[in-house]
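What follows draws every value from the coordinates through simple rules; no lab data is involved. Being a predicted model, the structure only gives us computed values, none of them experimental. Note: ideal-geometry Cβ built from the backbone for every residue, glycine included; neighbour counts use all protein chains shown.
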Amino acid sequence: MAFQTLLTFLEDGIFTITINRPDKLNALNKTVIEELSQAIDKVYSNVEIKCAIITGAGTKAFVAGADITEFLTLDISGGETLAKKGQEMVFNKIEQSPKPIIAAVNGFALGGGCELAMSCHFRLANENAKFGQPEVNLGLIPGYGGTQRLTQLVGKGKAIELMMTAQMIDANEAKQLGLVNHVTTAETLLEHTKEILQVIMTKGPNAVGKVIAAVNAHYDHSQNGFAAEIKLFGDCFGTDEMKEGVGAFLEKRKADFG
Ligand code: COA
């Protein structure tokens with residue numbers, strides 16, 4: 001299967017999915033979301049694939065967010081659809097995959113990029129990685145599950161502070177907060193991720209899948225939170241604030257929220 005925006009590679013049971021738009025810092029446009037959905041379907045269905053890694057092309061970014069250039073044409077229902085489709089087609093499917101899917105975060109993991117990493121079963125990051133949910137800079141909130149998963153991973157107080165301030169944190173702080181499990185050098189990130197997957201592949205695959213399902217069951221009560229997020233994300237698209245925030249980014253100027 002040839003993709004426009006992804007590179008995929010299967011070796012020794014490990015399927016590596018690389019988001020490949022380095023000139024746009026691997027931002028998640030419509031095509032990336034559709035292709036990621038197909039790649040994750042392949043993880044589910046291909047018996048040769050035992051586990052997967054998601055990473056970004058180039059040295060600068062894992063994923064610098066949803067593609068902001070697609071936002072200004074959306075209204076409230078368009079915003080809701082974007083969030084709902086993304087959650088269903090990609091983020092929830094990654095989280096619920098019966099085969100391990102690990103994020104190897106090689107640079108900026110912002111907005112949808114941080115959300116993508118958080119939907120994976122766990123995360124490794126290299127020392128250049130930077131995490132953040134900067135949506136409030138754009139008059140938006142996370143829409144791909146970030147309000148829920150960041151809270152699950154780092155706790156309510158820190159999650160709310162990070163999302164309210166749009167502060168970026170480095171890999172070591174992310175590790176202290178429990179957002180990433182291991183910090184590596186840039187050169188050893190993929191190798192270290194593969195070593196952990198090789199250990200997991202020596203275990204019962206059925207049991208590994210059941211670990212994922214059981215841990216996910218702990219968070220089932222939060223499903224209303226995800227639905228609330230979709231609605232609230234969509235509502236942002238009805239505000240002048242979002243038009244100013246997104247417009248300012250596209251025009252390469254500082255947003256003025258008045
Ligand atoms: N959507 C669309 N394009 C994006 C993008 C995004 N989320 N993030 C980066 N890009 C594009 C830039 O517009 C630029 O394109 P251009 O070369 O055609 O002008 C290119 O990627 C390189 O980014 P640039 O901003 O020049 O790099 P930088 O090193 O100066 O800054 C960041 C890096 C990550 C700090 C900055 O790109 C940024 O703030 N990105 C947006 C992050 C964000 O708000 N994400 C959440 C979206 S909901």
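What is the chain's relative contact order, in percent, from Cα pairs under 8 angstrom and six or more apart in sequence?
Numbers: 503 pairs, mean separation 52.1, N = 258.
Reported as a whole number, the value is 20 percent.
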Charge tally in the Cβ shell below 10 Å around residue 30, where Lys, Arg are +1 and Asp, Glu are -1, residue 30 excluded: -3
Listed residues 135, 11, 48, most fluctuating in the chain (Gaussian network, C-alpha, under 10 Å): 11
Point-charge dipole on Cβ atoms (K/R +1, D/E -1) for the chain, about Cα centre, debye to 20: 440 debye
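For a protection proxy built on the mean count of beta-carbon atoms within 10 angstrom, sort 243-250, 126-133 highest first, please.
Values: 243-250: 17.8, 126-133: 23.1.
Highest mean packing first, the order is 126-133, 243-250.
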D_trans [Stokes-Einstein, Kirkwood Rh over alpha-carbon pairs] for the chain, 4 °C, 1.567 mPa s, µm² s⁻¹: 71 µm²/s
The stretch 16-155 shape via C-alpha gyration tensor axes, a/c threshold 1.5: rounded
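Residue 202 to residue 9: extension gain in nm, 0.36 nm per residue of separation minus the Cα-Cα distance? Don't jump to the answer; show the numbers that get you there.
On the way: separation 193, 0.36 × 193 = 69.48 nm, distance 2.07 nm.
Computed gain between residue 202 and residue 9 is 67.4 nm.
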Among 137, 46, 29, residue whose mean-square fluctuation peaks in a GNM of the chain (springs only between Cα atoms under 10 Å): 46
Fluctuation leader among 56, 107, 139 - the chain, Gaussian network, Cα springs under 10 angstrom: 139
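Grab the beta carbon distance between residue 172 and residue 216, set R0 = 30 Å, and tell me the FRET efficiency rounded to 0.05. Let's see the in-between values first.
Numbers: r = 28 Å, r/R0 = 0.92.
Taking R0 as 30 Å, the efficiency between residue 172 and residue 216 is 0.60.
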